Every structure is written in structure tokens, then in C-alpha cells.
Amino acid sequence: MLYHMHEMTRLAMMPWRNAAQMARLFAAAPWNPLSYTPYAQQVLAGAEVFERVTRRYGKPEWGLPTTEIDGREVAVVEEAVIKRSYCHLIHFKREIVREDPKVLVVAPLSGHFATLLRGTVEEMLPDHEVYVTDWQDCRTIPTGADRFNLNDYIDYVIDFLHFLGPNTHVIAVCQPSVPVVAAVSVMSGWGDLCVPASMTLMGGPIDTRQNPTAVNKLAEEHDFEWFEKNVIATVPPPYPAAGRRVYPGFIQLTNFISMNLDRHMQSFHELFDHLVRGDDEEADKRTAFYDEYLAVMDLPAEFYLQTIKTVFKEHSLPKGEMIHRWHPVRPDAITRTAILCVEGELDDISGVGQTRATLDLATSLPDDMKKYHLQKNVGHYGIFNGGRWRREIAPVVKAFIREHDHRLGARKSRLKAVG
């Protein structure tokens, strides 16, 4: 019923959206004498803001056709090297031959598309062979496909690491920190040769008992049945997933916006002002952000509910009680994967200390293979996107990867021996 109400509301808004479009055309028409007045600019700006707020956004494009390497432009080809029902593994293949570290960027399956990490990928491309988990919108996956839960997520990570082979580096942004730590722990327990050389965890909920945020408190305040009854919905026709139970992206987006409602209202007010003044550069920055931020996808209900239970209610990983299939998840088994934990001082999604807890759990890992970086004056989104990511965080991540890259380390040892 929840999904049906959302669809009915969206359809009910169509006449108003059409009216806003007509107002834009009328206000911008060259034959209209009012189109040259400040009043027309206000009509245009108001209509555009209204249209953007009420629009249904599809999956954004990555939009990374080139990168710059050693001062010259290099073409980049986006190719899906693995296609699974719920996730495609995307390789950003650079049209140049270089022996750079392989990096698997594990994007969050938390409502937004993987393209939210465009800035992360863009910054890593010049110096790395980048692969990204491109999660699929669950409402487009037919009900005949297999179910997908947290254990399946961990399986996907393990399979992708096996495909990429030894000496791969993995970066987990936010939510995937838990399944990535679980995957690396299980692989380490097996003595798997494809265990990654390094693991960078950025703003992840490893131990949500540390400095709990509003998101963590919400999970604690309601019992498991509440989530199952109130936030899980059934996809209606005509979507391919009609009949499938999902955690709808529009609920996640509503929760995110409500956490910072005043900030978003102020941002749209500023967008209106930029449009009225004709400040196209600043208006484009705002619209580019919201084109990405307002594009959301549905999550499999099984995955969402198991994550709520395992990560946010039972705290199974930090308690040493997490089981993947029939394998115990033991971070103390990690001995060959260096760990970098990155946190934002102002993060209101994963509080300070939640990601750093991984370093304490990896008791068998030498201290010289552990590193912690707390970024001042940055929130959750700023950990992996924006100016501080490019100027201050990315250099730390890149240096850590190169320090622990086995191939580069062997080369340095040979050069040192020759010298």
C-alpha cells in the first residue's frame, strides 16, 4: 500500500509539473514582453525549482570519458566485466598501458546509485586501475531472480576479489564497510591467496555502539518487527519487480532529507536566488548535486532487514558473533591486509569511532599495517567527495595503497638492494 500511495502521489503531481513547464515556456518566450522583466526571471526560477523537486530521477551517468595522466588527457572506457542480477562490476579502462595498483571500490547499497561515488572514482583514476560495484535498482529486477541478503553481498565481494586476483586493494565507502570486513576476515581465515593487499574503510558502521548518531538511535528505538511492518513495501505493476518486497528508495531519501531539512530548504532557496540572478555556474553546482542526491533506488527487503538486525541491533561483528554462511567472521584472522580507517569529524551518519573500531578488532595485524585518519570539518558526504576529499583525504588513501602494494613494494626492495 505504501508504494501504491507514493505512485499515486507522483501521478497526481503530473498536472502541476505540466503547468510549471508551460509557465517556463511562456516566461521565456521571446515574443512575450514580460520575458525581459525581473518578474519573468522569478517565474522561470520558481518553475525550475518546482520541477526539480518533484521530478523522478533515473540512474545518473558516470560521465567520466577521460582522465588526466602525467599532464595529458587519456580516454576512459566504462565496461561491465561481470554482470550479476543485483550488481555489475564496472571497470574504468584507461586507454594507456601502466602498471598501477588495482582498486575495487565497493559502493554502498543504501538507496543512492553507485554514481554517488563519481568524485571518488574520478580522483583515483589517474593512478589506479579502478573497478566499482554498480548496484542495480531492485524494482527493475524480475521476481524470478534469486533473493539477495547480506550474506549474498559478502559473497559478491569475495567473488569480485577472486576475479581481480592477488594484490588488489579495496575501498569500502560507508555501508559496505561491514560486508567488506566480513569478506576479508573470512578469506583470511581460509588463507585465500586473493585476500586484498589493503582495505580502506571510509565512514562505515563497524561498531554503531561508538558515538551513536540519529540513524543508529532510530534502529535501537524500534524493534525488528517495526521495520518489517513500516518500511518494507511491495513493488506494484508495471515494474519488472512487481510483487517483490523492497525497502523503497523514496523512504531512504525522505529520511536523509528530514535529518537536515533546514539545510536542504536553504539550499533550494539559494538555488532559486542563483537562477533569478543568472548565476549559472553556482546554479549548475547545486543542480548537479541534487541530480545525483535525489536519484534513488530500491533495496532488497531481505538485505535491508538482515543489515538492520546484524549491524545496528545485534552488533554481531564487533561482538565476535557474526557468521557468514557457516563461517565465523573473525577480524583477528586478518594478517596480510593493511587497514586504513577514514572518518569525518562532523559525520552525522557514522559517528567518530565507529569505523576506527576495525583497528581494535584486527588484533593479529601489526601496528605498521594499521592507519587512522580523522578529517576535520567534514561530514559524511565530504569524506569521499568534494574539495577536502581531493586535497586532503585522497592523498592519504593513495599513499597508503602504494605503501602496501606488494608489486610496488617488491620493486622498491630490488631498487634498494641495487643501490
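The values are calculated or read from the model by the stated rules, or taken from the named source; none is laboratory data. This one's a predicted model, so the numbers in the text were calculated from it and none came from an experiment. Positions of Cβ are generated from backbone atoms using ideal geometry, with glycine treated the same way; all protein chains shown enter the neighbour counts.
Considering segment 115-135, and only residues there that are polar (S, T, N, Q) and not in a strand (DSSP E or B), the residue that is modelled with the lowest pLDDT turns out to be Thr115. Considering every residue within segment 322-344, establish whether at least one is modelled with pLDDT of 95 or more, assigned to a helix (DSSP H, G or I), within 22 Å of Glu403 (Cβ to Cβ) and in contact with a strand residue (DSSP E or B) (Cβ under 7 Å, 6 or more places away or on another chain). No: segment 322-344 contains no residue that is modelled with pLDDT of 95 or more, assigned to a helix (DSSP H, G or I), within 22 Å of Glu403 (Cβ to Cβ) and in contact with a strand residue (DSSP E or B) (Cβ under 7 Å, 6 or more places away or on another chain). Asp348 satisfies every condition listed in (1) assigned to a loop (DSSP other than H, G, I, E, B); (2) buried (at least 17 other Cβ atoms within 10 Å of the Cβ) except (2). Within segment 341-379, the set of residues being in contact with a His (Cβ under 6 Å, 6 or more places away or on another chain) and among the aliphatic types (A, V, I, L, M) comprises Val342, Ile349. Take the conditions within 30 Å of Thr234 (Cβ to Cβ) and of a type in the set (Ser, Thr, Tyr) and apply them to Thr310. Does it pass? In short, yes. Just checking, does segment 67-85 include any residue being of a type in the set (A, V, I, L, M), modelled with pLDDT of 70 or more, in contact with a Lys or Arg (Cβ under 8 Å, 6 or more places away or on another chain) and within 29 Å of Pro300 (Cβ to Cβ)? Scanning segment 67-85, I find no residue that is of a type in the set (A, V, I, L, M), modelled with pLDDT of 70 or more, in contact with a Lys or Arg (Cβ under 8 Å, 6 or more places away or on another chain) and within 29 Å of Pro300 (Cβ to Cβ), so the answer is no.
Scanning segment 80-105 for residues that are more than 27 Å from His404 (Cβ to Cβ) and part of a strand (DSSP E or B) gives Ala80, Lys83, His88.
Candidates Thr208, Thr168: the one that is surrounded by 22 or more Cβ atoms within 10 Å (Cβ to Cβ), under 21 Å from Lys309 (Cβ atoms), among the hydroxyl-bearing types (Ser, Thr, Tyr) and in contact with a helix residue (DSSP H, G or I) (Cβ under 9 Å, 6 or more places away or on another chain) is Thr208. Entry remark, segment 310-321: residues being surrounded by 15 or more Cβ atoms within 10 Å (Cβ to Cβ) and assigned to a loop (DSSP other than H, G, I, E, B) number 1 in total.
Annotation: of all residues in segment 81-134 being among the hydroxyl-bearing types (Ser, Thr, Tyr) and over 23 Å from Ile69 (Cβ atoms), the one that is surrounded by the most Cβ atoms within 10 Å (Cβ to Cβ) is Thr133. Does Gly353 count as modelled with pLDDT of 95 or more, closer than 29 Å to Glu122 by Cα, surrounded by fewer than 19 Cβ atoms within 10 Å (Cβ to Cβ) and not basic (Lys, Arg)? Considered against the rule, which asks whether it is modelled with pLDDT of 95 or more, closer than 29 Å to Glu122 by Cα, surrounded by fewer than 19 Cβ atoms within 10 Å (Cβ to Cβ) and not basic (Lys, Arg), Gly353 comes out as yes. Name the single residue that is farthest from the chain's Cα centre (by Cα) among those in segment 120-142 being over 23 Å from Ile401 (Cβ atoms) and not acidic (Asp, Glu). Only one residue tops the list, namely Pro142. Every condition in (1) over 27 Å from Val246 (Cα atoms); (2) free of Cβ contacts under 8 Å to residues at least 24 places away in the same chain is met by Gly144 except one, and the failing one is (1).
Within the set Asn385, Asn377, the sole residue that is surrounded by 15 or more Cβ atoms within 10 Å (Cβ to Cβ) and either part of a loop (DSSP other than H, G, I, E, B) or of a type in the set (Phe, Trp, Tyr) (or both) turns out to be Asn385. Applying a threshold of 7 Å to beta carbon distances and a minimum spacing of six or more residues, or different chains, the list of pairs starting in segment 374-400 at a residue that is under 23 Å from Lys285 (Cα atoms) and in the same structural domain as Val105 (by TED's automatic domain parsing) and ending at one that is charged (D, E, K, R) and in a helix (DSSP H, G or I) reads Val378/Arg388; Gly382/Arg388; Trp389/Glu123; Arg390/Glu123; Ala394/Glu123.
Among the candidates Arg52, Arg56, the residue that is within 26 Å of Leu253 (Cβ to Cβ), touching a residue at least 12 places away in the same chain (Cβ under 8 Å), buried (at least 16 other Cβ atoms within 10 Å of the Cβ) and basic (Lys, Arg) is uniquely Arg52.
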